[in-house]
1. Across the range B:97-135, what is the total count of residues that are surrounded by 17 or more Cβ atoms within 10 Å (Cβ to Cβ) and over 18 Å from residue B:67 (Cβ atoms)?
2. Hey, residue B:123 hits all of (1) closer than 18 Å to residue B:74 by Cα; (2) not assigned by TED's automatic domain parsing to the domain that holds residue B:68 but one; which does it fall short on?
3. Only one residue in A:216, A:245 is of a type outside the set (Ser, Thr, Tyr), in contact with a Phe, Trp or Tyr (Cβ under 6 Å, 6 or more places away or on another chain) and surrounded by fewer than 18 Cβ atoms within 10 Å (Cβ to Cβ), so which one is that?
4. Across the range A:52-65, which residue is farthest from ligand 1 (Cβ to nearest atom) among those that are in contact (Cβ under 8 Å) with a residue 24 or more places away in the chain and within 14 Å of chain B (Cβ to nearest Cβ)?
5. Tell me yes or no: at least one residue of the range A:88-110 is over 13 Å from the mean Cα position of the chain (by Cα), modelled with pLDDT under 95 and more than 14 Å from every other protein chain (Cβ to nearest Cβ).
6. Please go through the range A:66-80 and give me each residue that is away from ligand 2 (no atom under 16 Å from the Cβ), within 14 Å of chain B (Cβ to nearest Cβ) and part of a loop (DSSP other than H, G, I, E, B), ordered by number.
7. Looking at residue A:122 and the list (1) within 14 Å of another protein chain (Cβ to nearest Cβ); (2) buried (at least 22 other Cβ atoms within 10 Å of the Cβ); (3) under 13 Å from the mean Cα position of the chain (by Cα), which single condition is not satisfied?
Amino acid sequence: MSVAVAERSAAPPQHALRPVISFHGVSKVYPNGTEALRDVDLAIHQGDFCFLVGPSGAGKSTLVRLLIRDEAPSTGRIFIDGQEVSRMSHRKLPKLRRKFGIVFQDYKLLTRRTVAQNVAFALQVTRPGQRHMREKVEEVLWIVGLEDKLDKFPDELSGGEQQRVAIARALVHRPRIFLADEPTGNLDPDTSWGIVQLLLQINHRGTTVLMATHNREVVDLVRRRVIAIDNGRVVRDEAEGSYLREGTATL
Amino acid sequence: MRQVLASLWFALHSAGQNFRRNLGVSLAGVFTMGLIIFLVGGSLLFTHSVDTVLQGQEQNASHLKIYLSDNASLAAITNFESRLKHDPRVISVTFETKDQAQQQASQNPSIKSALAVLGSNPLPASLNLDVRKLTYLSQFNAEAKAMPIVDSTTPTDYNSDVIGKLNTVITVIEWVGAIIAIILLTISIVIIMNTIRTAVYSRRTEIEIMKLVGATDWFVRWPFILEGMLGGLLAAIFSGAVVFGAYRLFVQAAQGNLLSVPFDTRYTITLLIVLLVGGVAVGAFGSFLGVRRFLSA
Ligand SMILES: Nc1ncnc2c1ncn2[C@@H]1O[C@H](COP(=O)(O)OP(=O)(O)O)[C@@H](O)[C@H]1O
Ligand SMILES: [Mg+2]
């Protein structure tokens with residue numbers, strides 16, 4: 001809560017509203033005893049763009065998995081849109097997950113389906129029989145700049161293009177929150193920059209974006225909110241931060 | 001409605017795709033299931049046939065013929081006959097004279113000529129008993145042997161304890177059959193389960209995406225359950241046809257060997273329906289178990 005209050009001065013007016021994501025004293029201990037997150041407090045508002053930074057093994061992916069309730073926290077409470085997800089029943093998970101669009105370092109595309117079919121898949125399995133599916137698919141593929149690759153198969157595309165397909169698939173049901181876990185991890189700097197531009201564009205349309213990354217150049221160029229995690233703890237939360245603490249070589 | 005149809009189409013389409021993509025595993029699963037259904041159906045039909053034959057035999061078999069000594073007085077015979085008539089274990093008693101015995105035997109031409117050569121009638125008179133239970137036969141057998149009026153060389157004629165033993169055998173066959181059927185059923189569930197696991201494994205990315213974008217568990221599950229049901233149905237159709245054909249051949253062969261096994265149409269139809277429904281149910285249940293582990297996460 002203190003974080004949200006501290007930021008209010010620099011934030012646009014809608015930040016006065018209830019946060020769209022909030023963590024209250026969240027810890028995660030995996031069954032093997034690994035403490036992946038320790039006592040995390042966090043508030044992210046509708047329309048925010050946040051980088052989640054930290055070295056490999058810091059707990060970034062764990063935080064993302066807790067958000068979509070792929071994992072449950074060991075202690076603490078997590079709210080999405082005012083709904084507590086940490087104790088949500090299994091039955092309600094599909095509805096929760098439709099609020100998110102999510103992409104990963106590996107694009108998780110279906111190799112036997114075309115670009116358009118990959119995107120349509122997300123609609124087919126959540127809203128079967130929906131009308132105007134083709135138009136919706138074409139629209140998001142136009143947003144990510146692949147309107148001329150509709151009938152290509154994933155292995156006919158470059159890495160950056162594949163990630164764009166994954167982004168289109170995550171966007172097609174108009175999520176409120178867009179999660180990207182190391183989306184540029186497998187991409188060269190130029191391509192990475194293109195993906196980040198795309199995420200900024202998505203954010204510009206009003207979608208909350210949370211991007212976990214340890215890509216220093218990107219974070220330092222964009223200068224948006226940075227939440228730094230190290231060894232499971234939030235060590236820094238700045239409104240217009242850089243990858244490392246200003247003027248130091250540490251997080 | 002549109003949504004239901006689209007879901008159904010998606011599930012059917014994916015099920016068919018799974019089946020084709022893992023054709024080897026799917027066919028092996030269907031073949032093994034088919035073999036098991038054939039074994040279950042075949043043994044059920046076989047036991048049923050043996051049962052039918054034995055029931056007929058039992059009715060014939062509750063006969064006992066007590067041969068009477070030529071020296072027995074008519075009074076003693078009548079006395080014995082009326083005692084038997086009042087015995088609660090007895091259904092009926094008839095007296096067969098020497099002449100009737102000769103007439104009966106003469107129906108066979110070779111015996112007739114033999115009797116003609118002999119000139120006299122060597123056949124004994126007899127009392128023919130119908131008893132209520134097979135187990136009474138041995139009791140009457142013992143009692144008859146103690147009677148002085150009974151022919152001491154061949155006192156009685158009945159199927160001794162063969163029937164009783166066959167009955168025990170049938171009971172054992174039925175029990176063993178039931179146990180084997182349960183074992184086979186378990187095996188087929190495990191087989192379907194593993195076939196579906198292969199399909200689930202080859203679709204793990206798809207399932208992962210489905211869960212990420214918020215598909216419901218049932219939406220993920222249905223294609224696999226349908227695939228299992230499809231496999232079970234195919235197995236049941238093929239093995240049902242084989243069981244049916246084999247049963248017909250068996251009945252024909254048995255009739256050629258003078259062992260009259262009736263073709264029980266009603267039992268066969270019921271059995272085929274049971275095999276179909278069973279195959280589909282086993283397929284559905286096995287698949288349900290097969291996907292369960294992947295959905296709990
Ligand atoms: N499923 C898991 N079981 C046990 N330990 C895990 C699991 N997932 C991650 N971890 C451990 O938790 C810590 C945080 O991992 P992760 O959240 O993946 O970090 P990051 O994404 O920042 O690299 C690491 O030490 C990692 O080894
Ligand atoms: Mg990670």
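1. Here the count works out to 1.
2. (2)
3. A:216
4. Residue satisfying both the conditions and the ranking: A:64.
5. So far as the range A:88-110 goes, no, none of its residues is over 13 Å from the mean Cα position of the chain (by Cα), modelled with pLDDT under 95 and more than 14 Å from every other protein chain (Cβ to nearest Cβ).
6. Those that are away from ligand 2 (no atom under 16 Å from the Cβ), within 14 Å of chain B (Cβ to nearest Cβ) and part of a loop (DSSP other than H, G, I, E, B): A:69, A:72.
7. (3)
Yes or no, residue by residue, for (1) aliphatic (A, V, I, L, M); (2) within 14 Å of another protein chain (Cβ to nearest Cβ); (3) under 14 Å from residue B:29 (Cβ atoms):
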site	(1), (2), (3)
B:217	no, yes, no
B:225	yes, no, no
B:236	yes, no, yes
B:241	yes, no, no
B:249	yes, no, no
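The values are calculated or read from the model by the stated rules, or taken from the named source; none is laboratory data. All values reported here derive from a predicted model rather than from experimental measurement. Ideal geometry is used to build each Cβ from the backbone, glycine not excepted, and the neighbour counts take in all protein chains shown.
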